[in-house]
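Here the structure is laid out as structure tokens; the discussion comes afterwards.
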Amino acid sequence: MKPARTRFAPSPTGFLHVGGVRTALFAWLLARQSGGQFILRIEDTDKAREVVGSIEHIQESLDWLGLAWDEGPTKQSDRLDIYRQWAQKLIDAGRAYADPYSPEELQALRDKARTEKRPFLFRDHRPENPPEWDGSRPLRFRSEPKPYKWHDAVMDDLETGPEVVDDFILIKSDGYPTYNFAHIVDDSEMGITHVLRGQEFLASVPNYLNLYEALSVPPPIFATMPHILGPDGNKKLSKRDGAKDILDYRQDGYLPEAMVNFLATLGWNDGSEQEVFDTEELVKKFSLDRVQKNGAVFDERRLLWLQGEHVRKLDLAKLYKLVADFWPKEAFAEKYDDSYRLQVLKLVQERLKFFAELPDLTRFFFVDLPIDPELISSHKQLKKLSATELKSLLEQTKSTLAISDFSVADLTERLNGLLEKTGQKPAVLFSLIRIATTQAPASPGLADTLAVLGKDRSLERIDRQIDAL
RNA sequence: GGCCCCGUCGUCUAGUGGUCCAGGAUAUCUGGUUCUCAUCCAGAAGAUCGCGGGUUCGAAUCCCGCCGGGGUCACCA
């Protein structure tokens, strides 16, 4: 495969959500797998919609996901001269003219078309003698309508009639180019080979094709990405409908690898039954022709599952570094050093999904939780026992554990002995000890948990439970 | 309304004329792993392949029509 030069060209109007990020990911994948370049370009030609800080936010998002760009960020607002030069070429060739209408006049024409249920075409209203373009009016492309057939790397062969080609605006009256014009100039100057973009641009492609011809510029390969749909399954996922900032997932403690895996397999698969991919594999295996044509519903539960898969594959030391900011604050008391936290983490690794869950999963390893009578009174076996019986069991546990060295092996052996001695089922005895020593609705295995908690603390907590009964 | 795109289990998908009365994953439910949660393992349920015609010995796969959903028709991208 020849080196692909791809770009991600967001407008700085806020944060990035999964839809935009997936397009960026696919473009990045394409560049990486072919030994090409991935370029970041900021489409900041709409000053009114610009949101300060978005450019940094976008870069931070790509950084987090590991989508490093080789060139950029280039801002279109720094290239106004270039667009003007290209526009001049079109004017000289008679392919661009000043738009004489006022916004009100234009709106009236549109409304009329609407009431007549006709599509509005500007070229039906081309002025006979357009004024000279002095920059104070919009500059329009003089299209040459014709039918088009083209190939899209995702959508395959597409065609349209001449009725969709129209005179669109190249340069706005504020001097900024429109996306429709600027991106074509930039893609050409930057040598972009593959243009990946959302489905919302599909209807504009014939216009672009017409402009490419007027400019004598060969069009790149088009790849139209289907939309990512909201949970209701029929609407494009959008910020307005609650699509989250991709960095919110970092905040919640998702792994970028999991997010990348999730996004890549949302609308793409390699034809095998593999579901879990690391980024390196994706770089090798990704291909545009296996991208789905239809939209895919964004289902966070699938992300959660993939997150679990990736967390479990991580080695402990690496995971430890990643969760550094997510511990409950109690974990940083003096008596808890790295080695203690590491022991705790080892026990919760297989039940940890996103890292923001860490505090709830581990708090009892660091602090004595208040006695929760509910844990016993709502336990289907324990609630049948009297306080006296429970106390007796805990007393026996105490004397048994008092002589344990609290290694996992020794604890296991002694707990088993206790089962025989008391004639209780694990469901009763172990549940009771677990509740007494953790006061938590769930915990890792009993022997493991006790070993990490240590003898003093375990016995102390059993005492507290006895007193509370 | 015109034009364009799409339509397989709830969800992500495999499938390009026969090995598919449709496979995997996830989600759900059940059972097992000496306790809970999770993991892991086993199993259940879940898709008349949007609908209707046609072509063919044979169609999820090809053709036509219809229906449904989406996009677009901005001095937004």
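The values are calculated or read from the model by the stated rules, or taken from the named source; none is laboratory data. Remember, predicted model here, so these are calculated numbers, not experimental data. When we count neighbours, we look across all protein chains shown, and the Cβ atoms used for this are built from the backbone with ideal geometry, even at glycine. Remember, those area values only see protein heavy atoms, side chains included, never the ligands or the DNA or RNA. Shrake-Rupley method; radii C 1.70, N 1.55, O 1.52, S 1.80 Å.
Listed values for region A:309-321 are Karplus-derived 3J(HN,Hα) couplings in whole Hz (6.51 cos²θ - 1.76 cosθ + 1.60, θ = phi - 60°), namely 4, 6, 5, 5, 7, 5, 7, 4, 4, 5, 4, 4, 5, and x replaces Gly and Pro. Model label sites at residue A:51 and residue A:107, defined 7 Å from Cα along the beta-carbon direction, differ in position by 2.6 nm.
Computed on chain A, with alpha-carbon pairs under 8 angstrom and 6+ residues apart, the relative contact order is 13 percent. Surface composition of chain A: carbon and sulfur make up 50 percent of the accessible area, probe 1.4 Å. Of all DSSP beta bridges confined to chain A, the antiparallel ones make up roughly 45%. Distant-in-sequence amide contacts of residue A:98, defined by a placed amide H-H separation under 5 Å and a gap of 5 or more residues or a different chain, comprise A:133, A:140. When all protein chains stay in place and ligands, DNA and RNA are ignored, the 1.4 Å accessible-area order of A:250, A:123, A:22, A:118, largest first, is A:118, A:250, A:123, A:22. Using 1/(1 + (r/R0)^6) with R0 = 35 angstrom and r between the beta carbons of residue A:463 and residue A:338, what's the FRET efficiency to the nearest 0.05? With a Förster radius of 35 Å, E is 0.75. Kirkwood hydrodynamic radius computed over region A:221-317 comes to 14.5 Å, based on all pairs of distinct alpha carbons.
Calculated accessible area for region A:121-162 comes out at 59 Å² per residue, all protein chains present (probe 1.4 Å; ligands, DNA, RNA ignored). For region A:176-302, the solvent-accessible area of protein heavy atoms averages 42 Å² per residue (probe radius 1.4 Å; ligands and nucleic acids excluded).
Amide H contacts for residue A:5 (H built 1.01 Å from N in the peptide plane; partners 5 or more residues away or on another chain; cut-off under 5 Å): A:37, A:193, A:194. Using C-alpha pairs under 8 Å with a sequence gap of at least 6, the mean separation divided by the residue count of region A:46-151 gives a relative contact order of 30 percent. Taking the centroid of alpha carbons for each part, region A:419-469 and region A:161-224 are 68 Å apart. Using the Karplus relation 6.51 cos²θ - 1.76 cosθ + 1.60 with θ = phi - 60°, the per-residue 3J(HN,Hα) values for region A:426-439 come to x, 4, 8, 5, 5, 4, 4, 5, 4, 5, 4, 8, 10, 6 Hz, with x marking Gly and Pro. With 0.36 nm allotted per residue and the present C-alpha distance subtracted, the residue A:302-residue A:377 stretch has 23.5 nm of extension available. With all projection directions averaged, the alpha carbon convex hull of chain A covers 29.7 nm². Length gained on full extension, residue A:270 to residue A:317, computed as 0.36 nm times the residue gap minus the Cα-Cα distance: 13.8 nm.
The modelled label-to-label distance between residue A:294 and residue A:132, using points 7 Å beyond Cα along the C-beta direction, is 5.8 nm. Sequence-ordered 3J(HN,Hα) estimates for region A:325-339 from the Karplus curve with 6.51, -1.76 and 1.60 and θ = phi - 60° stand at 8, 10, 5, x, 4, 4, 5, 9, 5, 4, 6, 10, 9, 3, 5 Hz, glycine and proline given as x. Its convex hull of Cα atoms gives region A:278-420 a direction-averaged projected area, equal to a quarter of the hull surface, of 14.2 nm². Database remark: amide H of residue A:42 closer than 5 angstrom to the amide H of A:74, A:75, A:76 (H placed geometrically; neighbours at sequence offset of 5 or more, or on other chains; Pro and chain starts carry no H). Of the residues A:276, A:344, the one with the largest accessible area comes first in the ranking A:276, A:344, computed with a 1.4 Å probe on protein heavy atoms.
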